[in-house]
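Below is one structure; the comments refer to it alone.
The values are calculated or read from the model by the stated rules, or taken from the named source; none is laboratory data. Note that the structure is predicted; figures quoted are calculated from it, not measured. Reconstructed Cβ throughout: ideal geometry from the backbone, glycine too, with neighbour counts over all protein chains shown. To get the accessible areas, we keep the full protein, side chains included, count just its heavy atoms, and leave off ligands, DNA and RNA. Shrake-Rupley method; radii C 1.70, N 1.55, O 1.52, S 1.80 Å.
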Amino acid sequence: DVGMRVHYDDFFSMDPVYKARHVDIRSRADNLARSGAFIFSESEHVQREQVLKHIAGIDHTYTDMIYFPVFLPENIDEHIMDEKDTRQKFGLKKPYIFYPTQVRPYKNVILLVEALAILKERNIDVELVLTGNPSDVPEVEAAIQRHHLSDRIVCLSSTKEHELFSLYRYSAVVAVPTLFEAGSPLQAGEALYMNSPLVVSDIPLVRERIEFCGMSPENSGLKLFDPKNPSALANALENVLQ
């Protein structure tokens, strides 16, 4: 949540309600520090660039970092649906891009919509499956209407855990265009577990976790892209889809 202070303009330009939320989060974090709370983060980047820089009065000796694992439902592999049943349940007739997330400004769904429009212009027939509501960020809904993409986007109101992981399994590609997270994006870890092709934002949090695993972004096998560039995402998606 402290990341909202770092990316304040991105939040506020997409949804003015974040102005009040920012004040609330800032005061809560500052009060915790003043009361002597010990604050953990999920990456060195967040610890260094957000916690220590943007929480008033925090002492570095009262902070630390720990990487979270991917949290998987117990025995999920035993409950994966057949592809035919999965597609029939959710009305999926084409190859699809999957991004399971709530639609919030920093989740950067707008970039995915713009990239989908580029793929449409290139005659690449693919659907986008979301688990959030585009109208939660008006800019996203407006982009869908502007590019006439309603017939290519499937919005799921709710999914059970085994359905969610089944959707991962049969996706043509999982796209994670997030601008920032508390740590390595949850969806990226889940996609990797399900052996789903993955494209993910080239952000410090992602690079940090890849390097922690003993690899470099260049030899990790992942397609990283600039999360501010729709064409970069479209190119990454096209590469994986082909």
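For residue 142 and residue 17, a Förster radius of 25 Å and the Cβ-Cβ distance give a FRET efficiency of 0.90, rounded to the nearest 0.05. Dipole of region 1-114 computed with +1 at Lys/Arg Cβ and -1 at Asp/Glu Cβ about the Cα centre; of 32, 65, 7, farthest Cα towards the positive end is 7.
Per residue, how many Å² of accessible area does the chain show with a 1.4 Å probe? Intermediate results must be reported in sequence, preceding the final value.
Numbers: 12360 Å² over 242 residues.
Averaged over the residues of the chain, the accessible area is 51 Å².
Rg to Rh for region 15-66: what is it, with Cα atoms only and Rh by Kirkwood? Could the numbers behind the result be given before it?
Values: Rg = 11.6 Å, Rh = 11.5 Å.
A ratio of 1.01.
Per-residue accessible area (protein heavy atoms, 1.4 Å probe) orders 131, 178 as 131, 178, starting from the largest.
Per 5 Å bin from zero, what fraction in whole % of the C-alpha pairs of region 195-242 is there, up to the bin with the longest pair? That works out to 5, 22, 30, 24, 15, 5, in percent per bin.
Expressed as a whole percent, how much of the Cα-Cα distance distribution for region 34-107 exceeds 16 Å?
Value for region 34-107: 71 percent of Cα pairs lie more than 16 Å apart.
Per-residue extension of 0.36 nm, minus the Cα-Cα distance of residue 213 and residue 125, leaves a gain of 28.2 nm for this segment. Evaluated at q = 0.10, 0.13, 0.16, 0.17 Å⁻¹, a Debye calculation over the C-alpha positions of region 135-242 (equal weights, vacuum) places log10 I(q)/I(0) at -0.32, -0.55, -0.84, -0.95.
How high is the relative contact order of region 86-135, given as a whole-number percent (alpha carbon pairs under 8 Å, six or more residues apart)? Intermediate values should be presented prior to the final figure.
Values: 39 pairs, mean separation 27.7, N = 50.
With pairs under 8 Å counted, the relative contact order is 55 percent.
Here's the picture: a label point sits 7 Å out from the Cα of residue 34 along the beta-carbon direction, and within region 57-93 the residues with their amide nitrogen under 17 Å of it are 57-59. Element breakdown for the chain at a 1.4 angstrom probe: carbon and sulfur atoms account for 49% of the accessible area. Dipole orientation for the chain: of the candidates 86, 52, 229, 229 has the Cα lying most toward the positive pole (charges on Cβ; Lys, Arg +1; Asp, Glu -1).
Report the extension gain between residue 228 and residue 240 in nm, rounded to one decimal, defined as 0.36 nm multiplied by the number of residues separating them, less their alpha carbon distance. Before the final figure, lay out the partial values.
On the way: separation 12, 0.36 × 12 = 4.32 nm, distance 1.93 nm.
Stretched fully, the residue 228-residue 240 segment lengthens by 2.4 nm.
The chain: percent of C-alpha pairs farther apart than 26 Å? Don't skip to the answer; put the middle values down first.
On the way: 12568 of 29161 pairs.
Value for the chain: 43 percent of Cα pairs lie more than 26 Å apart.
With only Cα atoms counted, region 136-189 has Rg and Dmax values of 13.6, 34 Å.
Where only DSSP H runs of four or more residues are counted, the chain gives -11500 deg cm²/dmol as its mean residue ellipticity at 222 nm, each run worth -39500 (n - 2.57).
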